[in-house]
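The values are calculated or read from the model by the stated rules, or taken from the named source; none is laboratory data. Just so it is clear, the structure is predicted and the values come from calculations on it, not from any experiment. When we count neighbours, we look across all protein chains shown, and the Cβ atoms used for this are built from the backbone with ideal geometry, even at glycine. Quick note on the areas: whole protein, heavy atoms, side chains included, nothing else; ligands and nucleic acids left out. Shrake-Rupley method; radii C 1.70, N 1.55, O 1.52, S 1.80 Å.
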Amino acid sequence: MTTLRADADVLVLGSGLGGLVAGSYLARAGLRVVLLEEAAHGKRPAFLRDPFLVPGLARDGSVRHVIRDLAVPLLDQEFHRDDPSFQVILPGARIDVRPLARDLGAELAAYGVADAEETRAWLEGVGAQSDETRRELEQELSPVRRLARGSSRGLRPPRVRSALPAPPVGAAAFIAAQLGALSGLEPADAAPAPALLLDGARSANLRMPHSGSTLLGTFRRRFLALHGQIWPIGEFALVGDRRLLGVDLERTRCLARALVVAVAREPLRQYLGETSEIPGWLAGGVPVLETRSRLFRAERDSLPVGLGSRVVVADGLPGKVYWLAQVPDADQDQSVWLVASGPGAAALDPETLLGGLAPFAAKGITHVESTPEPRWDLDSGELRFPLAESPNALRHRLPLAMVGPELAPGLGVEGEVLQARRVAIRLANLLGSPRELH
């Protein structure tokens, strides 16, 4: 069979948040960018791929800065926060995570979880620590102008690490449930920037009502508008050709001057072990635990009144924590989708999907198969990181870098977005892009 050859400046392997952000910056620099995503994703609902919560959308937030940096159309910059939007379910308590410290303190006190004044003072300390951590993270991830060819210096994981102020008495389970859902780490207390995660969750935005898009959909459209290409692919093998890296597809070989790996290494390594030779630079690193998301459909009147758009359920053992994202059905006003992720999601029964807290044993909820499942292009909601230690940056004689939550686990959406931005700008400067980025 004749194999056609296509050339690019950069290949991006994976279409998660890190891949789309990095690809958009590289395309904005005037480079020819081809992003490869697993074809199975084309048959899955788009909201399955979106982050659980989207912090950093305040006027001076990290995600908002990237959105402005990429000149995302104003229509796509209008985010909306439902109220109540974020809840934590504990044995005997359903806590609305309010933006204001006094309101959240009163909520915890009403359920007898923690003292209101202690909580308020603690949240103020968390906010101050979050601001400091964000400044450190943005400074740590700010790109420099040049990167020596073949060097991975500067593409290493950020070294941000901070500790929470002493929590109020009785609030440990409430805090751990959130950190488990937002950090992707096990155990939850291994998160390197817990204040950043907890503070961001209180004011996180959820959806874009004007554009009707998800966050990933917004970056996807921007990447395509910047003349980036997205190729849905099936079987593939990694190849090298002199000073180029690339992939072999069924009828096409696509080679590039640089490769950005935007997927977790362990699923990719498993896949390549079945289809082709595993390259040496893919060895090593911290293995990740896969926790497949599950999809449920529910009628609105079957759900409890006041159920949040995002819910962390810790109504049992710590290892059974899971989180739910509630998404309105685009075609039927009386139906909603529920996406369950996390270590406890695999064993969920639709009859007890919302935990054991009355009236949460809701009827009228059915499990929906979201097949086909992706094999290597997974999202952070489907991965758990057992350790807080990050793998080293990939090393190769050609420009080869890694983005995504695996490189900076525990830093959430803001860390992933800033890491992808930093890697892309450094790589663009290294390749000598037509438009230099800063």
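Loop-resident chymotrypsin sites (Phe, Trp or Tyr not before Pro) (DSSP state other than H, G, I, E or B) in segment 57-114 with no more than 16 further Cβ atoms inside 10 Å of their Cβ: 111.
The base-10 log of I(q)/I(0) for segment 75-119, evaluated at q = 0.16, 0.30 Å⁻¹, reads -0.47, -1.09 [Debye formula, identical scatterers on Cα atoms, solvent excluded]. Once the convex hull of all Cα atoms in the chain is built, its volume per residue stands at 133 Å³. Size check on segment 237-298: the Cα extents along the three principal axes, sorted descending, read 52, 29, 21 Å. Averaging Cα coordinates gives a centre for segment 292-322 and one for segment 202-275; these two points are 30 Å apart. Per residue, the accessible area of segment 54-135 comes to 46 Å², computed with a 1.4 Å probe over protein heavy atoms only. Restricting the calculation to Cα atoms, segment 273-332 yields a radius of gyration followed by a Dmax of 18.9, 54 Å.
Per-residue ellipticity at 222 nm, computed for the chain from helices alone with -39500 (n - 2.57) per DSSP H run of at least four residues, works out to -8500 deg cm²/dmol. Placing a label point 7 Å from the Cα of residue 173 along the Cα-to-Cβ direction, the residues of segment 86-104 whose backbone N falls under 16 Å of that point are 88-96. Got a number for carbon plus sulfur as a percent of the chain's accessible area, 1.4 Å probe? Taking all protein chains in place, the chain shows 51 percent carbon and sulfur surface. Just to be sure I understand: with springs between alpha-carbon atoms less than 10 Å apart, which residue in 70, 249, 197 has the highest mean-square fluctuation in the Gaussian network model of the chain? For the chain, modelled as a Gaussian network with Cα springs under 10 Å, the answer is 249. Working from the Cα coordinates of segment 239-370, the gyration tensor eigenvalues give, after taking √(5λ), semi-axes of 41, 18, 12 Å in decreasing order. The residues of segment 256-373 expose, per residue, 44 Å² of accessible area to a 1.4 Å probe. Relative to one another, the C-alpha centroids of segment 15-56 and segment 83-108 are positioned 32 Å apart. Of the residues 164, 385, 4, the one whose Cα sits farthest towards the positive end of the charge dipole of the chain is 4 (charges of +1 on Lys and Arg Cβ, -1 on Asp and Glu Cβ, taken about the Cα centre). Its alpha carbons give segment 7-114 an Rg and a Dmax of 19.3, 62 Å.
Rounded to the nearest 20, the Cβ-based charge dipole of the chain about its Cα centre (Lys and Arg +1, Asp and Glu -1) stands at 1940 debye. With the convex hull of the Cα atoms taken as the outline of segment 1-46, the averaged projected area works out to 4.3 nm².
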